[in-house]
Amino acid sequence: MSIKEIEKGKKYRIEVVLGYNKKKKIRHTETFYGGKKEAIIRENQIKAKYMNKASLINNKMTVNDLSIEWLKFKKDKLAPKTYSTYALYSKNIVNGLGHIKLKNLNTKILEDFYTDLKENTTFSDRTIKHHYQIINNMLVCAKKWGYIENNSNENVEHIKVKEKELQCYTPDEVHKLVKAIELEPIKYQAVILLALDTGARRGELTGLTWNDIDLDNSSISINKITQYSKELGIYEKEPKNKTSNRKIYISETTCKILKAYEKNQLLMRMRLGSKWGNSKRVFTTDYGYDMHPDTPSKILTKIIKKYNLRYINFHALRHTSISLQANSNIPIQLISKRAGHSNVSTTHKIYSHYFDDSFKEIANTMNGFFTDNTKDKNIIG
């Protein structure tokens, strides 16, 4: 908002920014004849007329129009995979609400939309909550851009998500899985055993290059991940957070499998010659190209079906690894650092019940101190 003096004390140009349409300012401008005090009063009248009636700025804009503009706004601000997910969920939102004008959108319409998702789709509560969050972000932007006066999504009751019990294998089931993969291709053995041993995330495993592997010192360095999107294909990016960059020492068994796998990969490279894809990744396709980040999941599912094991998804191998460490009374600080969590509280929040035995052991230890100090004393009560 501004008042510019054109003719001293007599003539002013008043400009009020009402909002934005495709990043262009929507303005109300007029020339005012009179003194400066009167010009200020007139400016305030314009504000009262338009700024409190934001729906007058763009009466025809629909949810579909907003979705298109919002996705353009977000594209350069999001990771490719996240953007693809937002775009996919936005299609569902447009299918249900796209025809509705923003000025007519209200809390009841939104509540009915979420109810419809819950009753007539196979979406989980978590997925429905993601739709809620995307709509909310759209409307927050619409309000900031001056398209609406109020965010009607704010009054929708928050969608509750039941925390699922973590999937993981018991020690006996781990032994069965390890025994089963002994009969499978060395690549299958390497990716599954490395996941169990390190608790690394799927994208962290597919992002590994041979430069990250130190077989002489039995360690791996995690410093990047790979993901997939339709627009970019398989691409590399930074890990989830700073603490995800870490060095992990691996077991002797895992180290032996990786050595055997490396020899096998070199043999395949020699056999294929110019047909080899020359990927520098540890885990590749049979023709030497980067492995798709979904492939480890397909490998595990194939093994589970073949040997009639209890189904878990690939990420559950990470949960299994961490739970085995917790049950072995390894200090939570070491487990947290090895898992690449941002802090110990994250590890405790997710895996707290696996540390119960360790917590009980602390009580027994403390009781030992008390018993030793008092057994020869006559203490009553």
Is it the case that residue 69 is surrounded by 15 or more Cβ atoms within 10 Å (Cβ to Cβ), modelled with pLDDT of 80 or more and closer than 24 Å to residue 104 by Cβ?
yes
Suppose the filter is farther than 20 Å from residue 319 by Cα, touching a helix residue (DSSP H, G or I) at 6+ places or on another chain (Cβ under 9 Å), in the same structural domain as residue 338 (by TED's automatic domain parsing) and assigned to a loop (DSSP other than H, G, I, E, B); does residue 278 pass it?
yes
Just for the stretch 153-173: of the residues that are β-branched (Val, Ile, Thr) and touching a residue at least 24 places away in the same chain (Cβ under 8 Å), which one is surrounded by the fewest Cβ atoms within 10 Å (Cβ to Cβ)?
161
Mind checking whether some residue in the stretch 200-214 is closer than 28 Å to residue 304 by Cα and in a strand (DSSP E or B)?
yes
So is residue 227 under 30 Å from the mean Cα position of the chain (by Cα) and not in a loop (DSSP other than H, G, I, E, B) or not?
yes
Checking 143, 72 in turn, the sole residue that is among the basic types (Lys, Arg) and closer than 30 Å to residue 238 by Cα turns out to be 72
Any chance residue 350 is over 24 Å from residue 164 (Cα atoms), modelled with pLDDT under 90 and surrounded by 11 or more Cβ atoms within 10 Å (Cβ to Cβ):
no
From the residues in the stretch 306-335 that are among the charged types (D, E, K, R) and in a helix (DSSP H, G or I), which one is farthest from residue 206 (Cα to Cα)?
306
Selection status of residue 55, among the hydroxyl-bearing types (Ser, Thr, Tyr), modelled with pLDDT of 95 or more and either in a helix (DSSP H, G or I) or surrounded by fewer than 16 Cβ atoms within 10 Å (Cβ to Cβ) (or both)
no
Matching residues in the stretch 130-157 - criterion: being assigned to a loop (DSSP other than H, G, I, E, B) and under 13 Å from residue 69 (Cα atoms)
145, 147
Unique residue being surrounded by 17 or more Cβ atoms within 10 Å (Cβ to Cβ), β-branched (Val, Ile, Thr), under 20 Å from residue 174 (Cβ atoms) and not assigned by TED's automatic domain parsing to the domain that holds residue 87 when the list is 206, 198, 226:
198
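The values are calculated or read from the model by the stated rules, or taken from the named source; none is laboratory data. Since we're looking at a predicted model, the values are computed, not measured. Neighbour counts run over all protein chains shown; Cβ positions are idealised from the backbone, glycine included.
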